[in-house]
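The values are calculated or read from the model by the stated rules, or taken from the named source; none is laboratory data. From a predicted model like this one, the values you see are computed outputs, not experimental measurements. Reconstructed Cβ throughout: ideal geometry from the backbone, glycine too, with neighbour counts over all protein chains shown. In case anyone asks, the SASA skips ligands and DNA or RNA and just uses the protein heavy atoms, side chains included. Shrake-Rupley method; radii C 1.70, N 1.55, O 1.52, S 1.80 Å.
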Number of protein chains: 2
Amino acid sequence: MAPVLQSDACSGQYHQVVNSINSDYITISEYILLRIYQLGIRSIFGVPGDFNLNFLEHLYDIDGLEWIGCCNELNAAYACDGYAKTCEKMAVLVSTFGVGELSALAGVAGMYSEYSPLLHLVGTSAMRLKNTDKKFHHLLSGSKTYEAPDHYLYEKVAANFSCAQGSIDLDADKACSTVDRVLREIHRCLRPGYLFLPCDLTEMKVPTSRLYEPLIVDYVPQISSRSTAVVEAILQKIYSSQNPALLVDYFISRCKMTNTLAKLLSKLDGRVNVYDTFMGKGLVDESHAWFVGTYQGALGNGDVARAIEETDLVLRIGTFDVEMNNGAFSAKLQDTNVVSLSIDSVSICGELVTDVNMRDVFEMLVEQLDVERVARSRKYEISRPSRPTGNEPLTMNDLRTHIEQSLTPNDVLIVDTGSFMWATGTIELHGAKFINQFLWAAIGYAIPATLGACIAKRDSGSPGRVITVEGDGAAEMTLQEIASLVRYKVDPVLYLLNNDGYTIERVIQGPNRSYNDIATKWQWTEMVRCFGGGKIGQKIASRSDLSQLSIGAGLQLLELLLPKFDVPEELTDLLARGKS
Amino acid sequence: MAPVLQSDACSGQYHQVVNSINSDYITISEYILLRIYQLGIRSIFGVPGDFNLNFLEHLYDIDGLEWIGCCNELNAAYACDGYAKTCEKMAVLVSTFGVGELSALAGVAGMYSEYSPLLHLVGTSAMRLKNTDKKFHHLLSGSKTYEAPDHYLYEKVAANFSCAQGSIDLDADKACSTVDRVLREIHRCLRPGYLFLPCDLTEMKVPTSRLYEPLIVDYVPQISSRSTAVVEAILQKIYSSQNPALLVDYFISRCKMTNTLAKLLSKLDGRVNVYDTFMGKGLVDESHAWFVGTYQGALGNGDVARAIEETDLVLRIGTFDVEMNNGAFSAKLQDTNVVSLSIDSVSICGELVTDVNMRDVFEMLVEQLDVERVARSRKYEISRPSRPTGNEPLTMNDLRTHIEQSLTPNDVLIVDTGSFMWATGTIELHGAKFINQFLWAAIGYAIPATLGACIAKRDSGSPGRVITVEGDGAAEMTLQEIASLVRYKVDPVLYLLNNDGYTIERVIQGPNRSYNDIATKWQWTEMVRCFGGGKIGQKIASRSDLSQLSIGAGLQLLELLLPKFDVPEELTDLLARGKS
Ligand SMILES: Cc1ncc(C[n+]2csc(CCOP(=O)(O)OP(=O)(O)O)c2C)c(N)n1
Ligand SMILES: Cc1ncc(C[n+]2csc(CCOP(=O)(O)OP(=O)(O)O)c2C)c(N)n1
């Protein structure tokens, strides 16, 4: 058999697997699964249904792919987001026609918004029935009872939330190209793509030989006169600055350019002050000598803001210019002072370039940068905000301090949308990875994302633990996924903030309204046991409980009893600004 | 103040409320809420969010509207479906921009498919920000990072799953008309409609006087030469039949025409055999002397099928010709032998009429029917299927018998999609209402729908209990809504079928595959207590446990331990047919 080229870290195994196929033809299902396998993915998330069972059967034909069954499809999508953000690989979600795919949609939309790569494979109605007027389950009945249903409606809807869509039909050769195209696009755009596989085409034969050519999904930087000119222009801006600063942002991790960042950091070390954004947190270690802080405009640390705002050039790498990254639009950087590299564009002091992007030029820029020509900035020393350490009761501030003290470099911190999120703008991560969904900001994200993050860590054999913080209102949205944490024997630490409802909404509007209450008194510490885990959680009711906390091995649920109106001071500040 | 006309049963109260308003202007939020109130609705379901809080504040301005906070938006949509189907009123769902509305979408799609009326009110981004390029939370980031977001994208998506959409803008007078139009369309089509209310327009003033004119939503039959001709044609068909039969179907309840049906049944009594469909079950009492059975084509009772298939005219009222109602396409009624009335059309022995519908002609037909001219059919006596009564273990058959014996006329039976669903094709309801979602068929429907049904019963002061049957796989999808059953102090009986996973999928494909397993050993009987209910459920492990079962007051969770592969014989038959 023809040799398989090395296309990624796992190609050795892929090579073995493909070469062991003894037939000239395989099914399209196996083709899809082997492409997934080739990309180094070992776990597939989802929920079965009549329309995807045939496809799922083929999972067992391929050694080394594991099914991670989730409790529902929205949770499965969130798990995929956690997976993709943790290991920077594409996640794979399998759902069923209509009921399943639409249940996942809000989660897919979140991944689209936040540039998290996903293959969403939907098992659809049989090809041979797509043109009949039979009204069977999961089909949306049309506007008239006597009209034939539209089997492609959900595909049209999905197009709004994805960068590529592929509908498998009877043409086997085209099918392989469709699969490859969608996978390539997902990696180019780093966003969800859809494959729609009719349930009667899962056994369609395609040539095994298509697999000999590995699918190249790695981004190939476009080196052209255009990109070299852009690099040259940026270098000139840097060299002519008196006081440049580096602002580290979100797309560095999404685009897997942390190595390039590391090179830049070491080149600039001792010359240039370094900042990060909220959604770029974790890319620079706070212990870096020239790290000043997280820039959040008028929110967060005022000294940090003053420092970066007075520089004459901000080199912003991985720019994602969204609410959470610009201090809710309070950031005051002037376009003319900013050189920005983003996933799909570059902006040079106000001039937007859309045919060149970060992935084309960042590496070249770092290579070519002549550090001797970079001005030595004055080093800013910002005093770390003193963390209030009052008496009882326990507050979110205490939790922040506690988490800062317990994070280690291989950990992953996941924080759901809610009051505590605002405490994390200035949290010190000590090298841990920070995963959230703060732009899309759907509550309930964290528990399923924790599942995804744990599976990603397990698959890549990476040490450290997943630490998750979630409000009670968020937790009740997706609670049952705790059962999957038990089922797949993963060991995250869940901090469950019991503050009697939707506190963040209470401080915005209706502090005592029934709409901000959540359902009665849940027995949070019982939950793991109820879901088959056999372990009782711990209740943490005071500062001393928290300081004496010892966290054991295995899945942990820690319920923190917090005052109903306690929020981090950052949130109080934000709301005060909004009102003034 | 001008008097308010009586528009429905609640207009007396509405009159009082509106007349007590002391101002010439009210907010658009109050306007919407008072319209809802006028329609006799007393409960509003949903989840709060930044973009709907301002609107929700106005809930407290109106006495007699209660907020039913759900754990998440999909559950809230299912609750709305259960509510609408139980009391045949429009349900109201409030969600927040993007994250909330999209999370609910799959449930809304189910309501669209099954003609369940819903007002989905979405609090959207501020009007004054819709044309800016600010990227804040819940906005879908567009295809390029440097392009402005589309604030209307979700509205466009929703249009695929609703019969009417209204976007409130700065024009106050138009706003009232928009609200009225959407509410009218929802009632005309009996399907979901959307109102999008920007969060900065909730306080917009509209004239109170608009409320003096009540909103008429009742369907007004179109009496025309066309409809009278249709009635005449149908009567001729009936009179010339030797052996007519009546087939009672779904849209009779949706269109609130059970009184008309009752008139027809009493007119035809002693002459014509009566059948129902799966989704029409509960409209005719099985004790009706001429009731033959539920027609499910080749599924279900063969004698029932032979009987109806040999008649020369089937008068099918409320036709919904979908999979569950035609025995998975095995029904053998000839179009030329069927007169069918549906929600949007009439069909007379093969001739489709789309400008006249059931609501136009059914009442007229019954009025004009000269029963003396209707042939006396031979009365079919079908022996009821003998229910197998073997020994242990406990099976789904036993549960069917148990439920048949315990249902009373005011009860509501809710059954989720799954194996047990197939046992309900022939279940005897004894006057109870039967609620399901068997066309859309999303699992996880039943627990939230139970909440909705209980609230509907409570609001209308109707006696009887809600009895719910749900598989473990379905239950894990939406489990947390048990907490709302506790919170709102309702008293359904939940039969939880613990058969160790997705049994219905196991018998279709992959009996022992991991994709058909669900998460580990849940402690089902602990769930109510965990969600704050303080009560332990009962475990039913054997036939004698079931026969000795005594069901107490208040919320009950009954866990039935069933064999992993036990399914009703109807499902076994169906699959055997599919394979042959
Ligand atoms: C899916 C979804 N629904 C609703 C919202 C609106 N929302 C944002 S934060 C929040 C409350 C969060 O409460 P909780 O998780 O208890 O955190 P707390 O602020 O109380 O710590 C809500 C309802 C949302 N962001 N996402
Ligand atoms: C939202 C959704 N996801 C997936 C499916 C596919 N599906 C149909 S039935 C079923 C299994 C139901 O299992 P369970 O509720 O345990 O019932 P059982 O057949 O075991 O009694 C699944 C996964 C669906 N119908 N809806």
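Some values worked out for this structure:
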read-out	value
Any chance A:T520 is free of Cβ contacts under 8 Å to residues at least 24 places away in the same chain, within 14 Å of chain B (Cβ to nearest Cβ) and open to solvent by 10 Å² or more (accessible area, probe 1.4 Å)	yes
The lone exception for A:P409 - which of (1) over 30 Å from A:F565 (Cβ atoms); (2) open to solvent by less than 50 Å² (accessible area, probe 1.4 Å); (3) touching a His at 6+ places or on another chain (Cβ under 9 Å) it fails	(2)
Count - residues of the range A:523-542 that are within 7 Å of chain B (Cβ to nearest Cβ) and either open to solvent by less than 60 Å² (accessible area, probe 1.4 Å) or among the small types (G, A, S) (or both)	5
Residue in the range B:86-98 that is within 11 Å of chain A (Cβ to nearest Cβ) and among the aliphatic types (A, V, I, L, M) present	yes
Output for the range A:478-504, where each listed residue is near ligand 1 (Cβ under 9 Å from one of its atoms) and either touching a Ser or Thr at 6+ places or on another chain (Cβ under 8 Å) or under 27 Å from A:L429 (Cα atoms) (or both)	A:L497, A:N498, A:N499, A:Y502, A:T503, A:I504
Top-ranked residue of the range B:537-576 - restricted to ones that are farther than 19 Å from B:G418 by Cβ and of a type in the set (K, R), ranked as farthest from ligand 1 (Cβ to nearest atom)	B:R543
Evaluation of B:L170 against (1) open to solvent by 30 Å² or more (accessible area, probe 1.4 Å); (2) in contact (Cβ under 8 Å) with a residue 40 or more places away in the chain; (3) within 30 Å of A:D416 (Cα to Cα) (one fails), failing number	(3)
Candidate set: the range B:11-25, residues that are of a type outside the set (A, V, I, L, M) and in a helix (DSSP H, G or I); chosen: the one surrounded by the most Cβ atoms within 10 Å (Cβ to Cβ)	B:Y14
Residue within the range A:156-165 that is more than 16 Å from ligand 1 (Cβ to nearest atom), within 9 Å of chain B (Cβ to nearest Cβ) and open to solvent by less than 10 Å² (accessible area, probe 1.4 Å) present	yes
From the options B:V490, B:V486, residue that is more than 9 Å from chain A (Cβ to nearest Cβ) and over 20 Å from B:L399 (Cβ atoms)	B:V490
Counted residues, the range A:143-155 - those being over 33 Å from the mean Cα position of the chain (by Cα) and more than 10 Å from chain B (Cβ to nearest Cβ)	1
Members of the range A:543-570 found to be polar (S, T, N, Q) and exposed (fewer than 15 other Cβ atoms within 10 Å of the Cβ), listed by number	A:S544, A:S547, A:Q548, A:S550
Lone qualifier among A:L299, A:L315, A:L352 - being open to solvent by 30 Å² or more (accessible area, probe 1.4 Å) and not in a helix (DSSP H, G or I)	A:L352
Every residue from the range B:412-435 that is in a loop (DSSP other than H, G, I, E, B) and open to solvent by 10 Å² or more (accessible area, probe 1.4 Å)	B:T417, B:G418, B:T426, B:E428, B:H430, B:G431
Residue check for B:A449: more than 14 Å from chain A (Cβ to nearest Cβ), among the small types (G, A, S), surrounded by 23 or more Cβ atoms within 10 Å (Cβ to Cβ) and away from ligand 2 (no atom under 16 Å from the Cβ)	no
Criterion: surrounded by fewer than 18 Cβ atoms within 10 Å (Cβ to Cβ), under 26 Å from the mean Cα position of the chain (by Cα) and more than 9 Å from chain B (Cβ to nearest Cβ) - qualifying residue of A:G464, A:G578	A:G464
Selection count, the range A:505-520, where residues are within 11 Å of ligand 1 (Cβ to nearest atom) and either in a loop (DSSP other than H, G, I, E, B) or over 16 Å from B:C71 (Cα atoms) (or both)	5
Flag if B:D491 is within 19 Å of B:G537 (Cβ to Cβ), within 16 Å of ligand 2 (Cβ to nearest atom) and touching a residue at least 60 places away in the same chain (Cβ under 8 Å)	no
Residue list for the range B:47-72, restricted to those being within 16 Å of ligand 1 (Cβ to nearest atom) and at the interface with another protein chain (Cβ under 8 Å from one of its Cβ atoms)	B:P48, B:G49, B:D50, B:L53, B:N54, B:L56, B:E57, B:L59, B:W67, B:G69, B:C71, B:N72
Residue within the range A:498-507 that is within 16 Å of ligand 2 (Cβ to nearest atom), among the basic types (K, R) and either free of Cβ contacts under 8 Å to residues at least 12 places away in the same chain or within 14 Å of chain B (Cβ to nearest Cβ) (or both) present	no
Of all residues in the range B:355-401 being part of a helix (DSSP H, G or I) and β-branched (V, I, T), the one that is farthest from B:I308 (Cα to Cα)	B:T401
Number of the exception - A:G166 against (1) away from ligand 2 (no atom under 16 Å from the Cβ); (2) within 27 Å of B:N326 (Cβ to Cβ)	(2)
All positions within the range B:1-46 that are aromatic (F, W, Y) and either closer than 27 Å to B:G82 by Cβ or at pLDDT below 80 (or both)	B:Y14, B:Y37, B:F45
Test for B:R400: is it under 30 Å from B:Y495 (Cα atoms), of a type in the set (K, R) and not assigned by TED's automatic domain parsing to the domain that holds B:S241	yes
Selection count, the range B:428-457, where residues are charged (D, E, K, R) and more than 17 Å from the chain's Cα centre (by Cα)	1
Single unsatisfied condition, B:F565 versus (1) of a type outside the set (A, V, I, L, M); (2) touching a residue at least 40 places away in the same chain (Cβ under 8 Å); (3) assigned to a helix (DSSP H, G or I)	(3)
The lone exception for A:M204 - which of (1) modelled with pLDDT of 95 or more; (2) out of contact with any helix residue (DSSP H, G or I) (no Cβ under 6 Å at 6 or more places or on another chain) it fails	(2)
Residue list for the range B:266-289, filter: hydrophobic (A, V, I, L, M, F, W, C) and open to solvent by 30 Å² or more (accessible area, probe 1.4 Å)	B:L283, B:A289
